[in-house]
1. Just give me the residues in region 1-33 being exposed (fewer than 12 other Cβ atoms within 10 Å of the Cβ) and either acidic (D, E) or within 23 Å of H171 (Cα to Cα) (or both), in sequence order.
2. Every residue in region 131-150 that is among the β-branched types (V, I, T) and either buried (at least 21 other Cβ atoms within 10 Å of the Cβ) or under 19 Å from R78 (Cβ atoms) (or both), please.
3. Looking at L146, L161, L134, L155 in this structure, which one is closer than 22 Å to Y175 by Cα, of a type in the set (A, V, I, L, M, F, W, C) and part of a helix (DSSP H, G or I)?
4. Pick from region 34-54 the residues that are touching a helix residue (DSSP H, G or I) at 6+ places or on another chain (Cβ under 7 Å) and β-branched (V, I, T): which of them is surrounded by the fewest Cβ atoms within 10 Å (Cβ to Cβ)?
Amino acid sequence: MSLTIRCLLFLIALLVAGLAIFRGPVRSDYHSFGRLRTVTGLMEWALMLAVFAFPYLFNPACWALVWSCPASAPAWGRVVGLVFIAVGALLSFGSMAWLGLRRSTGLQVNAVFDRGLYRWTRNPQVLFGIGMILGVVCLWPSACALGWLIVSMVLFHTMVLTEEEHLRRVHGDAYRDYCRRVPRYLGRPTLDAEKGK
C-alpha cells in the first residue's frame with residue numbers, strides 16, 4: 001500500500017474517531033457529570049497523541065531532530081517552519097501550564113479563566129498547537145501534511161465547540177460575557193456563545 005493511501009486512511013480514521021469521541025463520550029460526560037470521567041479524558045489524550053504522532057508515521061525518520069533533518073522546503077520554509085514550531089510549542093504548552101492540567105483536560109471547571117494569554121484568545125493551546133502543526137507542514141510540504149493540518153483543525157474546532165457548550169451551561173452569563181470580550185481564536189470576539197453555537 002502506498003504512503004499516500006496509508007496517509008489518507010489514517011487521516012480518515014483520525015477524523016471519524018475524533019468526531020465520535022468529542023460529540024459522543026466527551027459531550028455525554030459534560031452533560032451527565034459536569035466534567036470528564038477519567039476514561040473519557042484518556043480517550044481525548046489518546047486522540048491528541050494520535051494527531052501529534054502523524055509526523056512520526058508520514059515524515060522522514062529524522063524529522064524530530066528538525067535541525068539535522070533535510071527538510072523538503074526551501075530555505076525560507078525551513079525558517080518559517082522552525083519559528084512556528086518553536087513559538088507554537090512554547091505558547092501552547094505554556095498556556096496549558098498557565099491554565100493548569102486539570103482545567104486543560106476538562107477535569108476542573110470551577111471558574112472562567114481570563115488571565116494570561118486567555119485575555120486575548122479563549123483557546124491559546126489550540127491556536128498555538130495548530131501553529132506547531134503548520135510549522136511541520138512548512139518544513140515538509142505535501143498533500144499528506146496538508147491533510148493532517150486540515151483534519152487537526154477540524155478536530156480541534158470540534159473539541160472547542162463541545163467545551164464551549166459545556167462552559168455556557170456551567171458558567172452562564174460569566175462565560176457569555178467572556179465570549180463577548182475575547183475571540184475564540186483570533187480577531188474580533190463573537191457572540192457564538194450567546195447564539196448557542
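1. H31, S32, F33 - these are the residues of region 1-33 that are exposed (fewer than 12 other Cβ atoms within 10 Å of the Cβ) and either acidic (D, E) or within 23 Å of H171 (Cα to Cα) (or both).
2. Of the residues in region 131-150, the ones among the β-branched types (V, I, T) are 133, 136-137, 150.
If the condition is that a residue be among the β-branched types (V, I, T) and either buried (at least 21 other Cβ atoms within 10 Å of the Cβ) or under 19 Å from R78 (Cβ atoms) (or both), then I133, V136, V137 are the ones that fit.
3. Details: L146 fails: closer than 22 Å to Y175 by Cα; L134 fails: closer than 22 Å to Y175 by Cα; L155 fails: closer than 22 Å to Y175 by Cα.
Answer to the check: L161.
4. V51
All of the numbers you see were taken from the coordinates with simple rules; none came from a lab. All values derive from a computational prediction rather than experimental measurement. Cβ atoms come from the backbone with ideal geometry, glycine included; neighbour counts cover every protein chain shown.
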